[in-house]
Amino acid sequence: GLVPIVRGAQPWDQAAALGHVTTLRNNGSGIVALFPAGTGSGETRALPAIWERPADFAAKAKTLEDAAGRLVQLAQANDEAGFKAAFPAVGAACGGCHETYQKPQ
């Protein structure tokens with residue numbers, strides 16, 4: 001995972017970091033499509049706000065995509081220090097969306 005690399009519990013691994021953040025960036029770009037209008041019924045941890053405020057939900061997904069995209073650039077450049085410094089923006093993007101649009105477990 002990324003967290004042990006970012007915290008220094010595991011050594012910097014450019015290929016692993018790049019793989020993880022590429023997946024995050026790609027997930028960010030596709031997350032809105034997972035929640036099309038009319039799909040809020042049934043068992044889901046998604047809150048109705050996803051369908052009530054689609055523009056804000058899309059903006060939050062774009063924030064994740066952009067933050068992860070920045071990490072992709074830093075990993076490609078093998079910039080360990082820059083990567084670690086920029087990593088909290090991804091966590092903030094994830095948390096910002098989950099707090100607004102996901103039911104607690």
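In the stretch 7-30, what residues are closer than 18 Å to GLN102 by Cβ and open to solvent by 50 Å² or more (accessible area, probe 1.4 Å)?
Listed by number, the list holds a single entry, ASN27.
Among the residues of the stretch 89-105, just one is assigned to a loop (DSSP other than H, G, I, E, B), touching a residue at least 12 places away in the same chain (Cβ under 8 Å) and either under 20 Å from ASP56 (Cα atoms) or open to solvent by less than 20 Å² (accessible area, probe 1.4 Å) (or both), namely LYS103.
Out of all the residues in the stretch 45-68, which are open to solvent by less than 70 Å² (accessible area, probe 1.4 Å), of a type in the set (Gly, Ala, Ser) and over 10 Å from the mean Cα position of the chain (by Cα)?
ALA46, ALA49, ALA58, ALA59
Under the condition of being in contact with a Ser or Thr (Cβ under 9 Å, 6 or more places away or on another chain) and not basic (Lys, Arg), the residues counted in the stretch 81-105 number 5.
Looking at GLY82, GLY40, just one residue is at pLDDT below 90 and farther than 17 Å from GLY1 by Cα, and that residue is GLY40.
Filtering the stretch 69-88 to residues that are open to solvent by less than 50 Å² (accessible area, probe 1.4 Å) and aliphatic (A, V, I, L, M) leaves LEU71, VAL72, LEU74, ALA75, ALA86. Scanning the stretch 11-23 for residues that are touching a residue at least 40 places away in the same chain (Cβ under 8 Å) and closer than 15 Å to GLN73 by Cα gives GLN14, ALA17, LEU18, VAL21, THR22. Restricted to the stretch 75-88, and to residues there that are in a helix (DSSP H, G or I) and among the aliphatic types (A, V, I, L, M), the residue that is nearest to LYS62 (Cα to Cα) is ALA86.
Every residue, every condition in (1) modelled with pLDDT under 95; (2) under 19 Å from SER29 (Cβ atoms), yes or no:
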site	(1), (2)
ARG45	yes, no
PRO54	yes, yes
GLU65	yes, yes
VAL72	no, yes
ALA75	no, yes
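Filter the stretch 24-60 down to the residues that are aliphatic (A, V, I, L, M) and either free of Cβ contacts under 8 Å to residues at least 24 places away in the same chain or in a loop (DSSP other than H, G, I, E, B) (or both) and list them by number. Hits for the stretch 24-60 are ILE31, ALA33, LEU34, ALA37, LEU47, ALA55, ALA59.
The values are calculated or read from the model by the stated rules, or taken from the named source; none is laboratory data. Since the model is a prediction, treat every value here as computed from it, not as a measurement. Glycine also receives a Cβ, built like all others from the backbone with ideal geometry; neighbour counts cover every protein chain displayed. Only protein heavy atoms, including side chains, enter the accessible area calculation; ligands, DNA and RNA are left aside. Shrake-Rupley method; radii C 1.70, N 1.55, O 1.52, S 1.80 Å.
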